[in-house]
1. Evaluate the following for F342: is it under 27 Å from S250 (Cα atoms), of a type in the set (F, W, Y), outside any helix (DSSP H, G or I) and within 18 Å of the chain's Cα centre (by Cα)?
2. Which members of the range 279-309 meet the condition of being under 20 Å from the mean Cα position of the chain (by Cα) and of a type in the set (A, V, I, L, M)?
3. Which condition does A133 not pass, out of (1) farther than 26 Å from R332 by Cα; (2) in contact with a Leu (Cβ under 7 Å, 6 or more places away or on another chain), if it passes all the others?
4. Please work out which residue is nearest to G256 (Cα to Cα), limiting yourself to the range 377-394 and to residues that are surrounded by fewer than 21 Cβ atoms within 10 Å (Cβ to Cβ) and hydroxyl-bearing (S, T, Y).
5. All but one of (1) surrounded by 14 or more Cβ atoms within 10 Å (Cβ to Cβ); (2) over 27 Å from K126 (Cβ atoms) hold for G397; state the number of the condition that does not hold.
6. Starting from the range 109-130, take each residue that is free of Cβ contacts under 8 Å to residues at least 40 places away in the same chain and list its partners that are surrounded by fewer than 23 Cβ atoms within 10 Å (Cβ to Cβ) and of a type outside the set (S, T, Y), counting only C-beta distances under 8 angstrom and pairs at least six apart or across chains.
7. Taking into account only those residues within the range 410-425 that are farther than 15 Å from P279 by Cβ and part of a helix (DSSP H, G or I), which is modelled with the lowest pLDDT?
Amino acid sequence: MARDGIEGDLEENDVYFERLWELSGSVLEAQLSAAATNVASYWLAAWEKAGRPQLPAPDGEDVGAAPRARDLGIAIGTLPTGDLNAITDVEGVRVGHVTVSFGDGPNAARTGVTAIVPRDDVWHHKVPAATFAFNGNGAMTGAHWVNELGALEVPILLTGTENVPLVANGVISWMAAQAEAKGHGGHLVLPFVAECADAGLNDGKSRYVTEEHTIDAIDSAAGGPVAEGSVGAGTGMRSYLFKAGIGTASRVSSDGYTVGALVLANGGRRQELRVDGVPVGQHITDLMPHWPPRDGSFIIVVATDAPLTSRQLGRLCKRGAVGMARTGTVGRHGSGDLLVAFSTATDVTPSADGPTYTRTAYKDSHITGLFTATMEAVEESIINAIVAGRTMTGRNGNTIYGVPHGRLRKVMYDHGRLMLASAGE
């Protein structure tokens, strides 16, 4: 405390200032105590409002069922989410998983397949669509035809790399069965299958995913909440060298349209990882796999109910890549970062006769809000995939660790980026 300009006996002044400091300290302590009580009351009310979600213990151990980023107090972006904060917030979109996990040693299975169905009978009611390769070290079968036609006419399937041919066979078989059941002629089907490599935990050469698994994934596809983490195609995947897999999120734009994303997250190096801008990967540097994983990939699916053309959906794909980059990845040389976007607002298979038809179009001058929604939904989808990941051991004893939720929350807290977003505040 400054004493300039104080006259009189120094010892007397010392006593005066010591007493003044004690009194001010008492006042400050009381103020802090009251503030702490108010904060505690606020958080308790928010916790009650959120349905008393379980949060990680202070020591960093995980508690309860697999949470999402918002359950941990991590809220990404500024736009509101849909009701489920999932791709299924876009009406009509359905998701199904089949997980194939058994055995140990060199032939362990840690794989699966995930189906995203844009709408019922998508063959006869095609949806506008587009694809984009941010970095093309991967496979997305049927992408050329989607871009040529400007539409998607089959379900989207995600799986491990070596499973692609068998999953494609399953799509063809499923489409043929649908045509027969409806009394239509046979379809000349170009399956749409995208992949990431799950070889670290899974014996890929054994190609455990079958046609039957693929058909089951499509048939089981449903609306509602979407399982995340080590499920379906995400079973053997890792991201930023943490266990990851499937993640999803959604946003509602200022004009009321919904954008949903689903990501198969399997890329990135640990030091790159950023969560809501926080360099988490530079703070949690342990829990690393003991073998050197490859670069990996991200497969990103974007859905919207905004009436967009194929050209505009291609623009959304590119903003999905921005959302991916916000989690830290640079799109490494060995990464297959592939995106597809579709709109459920329009049927590009009109029943009217004649060479022309009319449909509602979205103004390009208004599309920036959808760009923001796409970016935020993709970014949060990737973080949700990581948060939902659980430590898994697979082929040859290889282990990928789940991110420790308590430590993640502490890093976010230390950077001022932690809040109880699940309370709807």
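1. Yes; evaluated as a whole, the condition is true for this residue.
2. V280, I299, I300, V301, V302, A303
3. Only one criterion is unmet by A133, namely (1).
4. T391
5. G397 satisfies all of (1) surrounded by 14 or more Cβ atoms within 10 Å (Cβ to Cβ); (2) over 27 Å from K126 (Cβ atoms) except (1).
6. Listed by first residue and then by second, the contacts come to D120/G92.
7. Taking the candidates together, the pick is A423.
Matching residues to (1) in contact with a Pro (Cβ under 6 Å, 6 or more places away or on another chain); (2) under 22 Å from I300 (Cβ atoms); (3) free of Cβ contacts under 8 Å to residues at least 12 places away in the same chain:
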{"site": "M140", "(1), (2), (3)": "no, yes, no"}
{"site": "E148", "(1), (2), (3)": "no, yes, yes"}
{"site": "E153", "(1), (2), (3)": "no, yes, no"}
{"site": "I156", "(1), (2), (3)": "no, yes, no"}
{"site": "T161", "(1), (2), (3)": "no, yes, no"}
{"site": "Q178", "(1), (2), (3)": "no, no, no"}
{"site": "G183", "(1), (2), (3)": "no, no, yes"}
{"site": "L201", "(1), (2), (3)": "no, yes, no"}
{"site": "E211", "(1), (2), (3)": "no, no, no"}
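The values are calculated or read from the model by the stated rules, or taken from the named source; none is laboratory data. Bear in mind that the values here come from a model prediction, so they are computed numbers and not experimental data. So basically every Cβ, Gly included, is an ideal-geometry build from the backbone, and we count neighbours across all protein chains shown.
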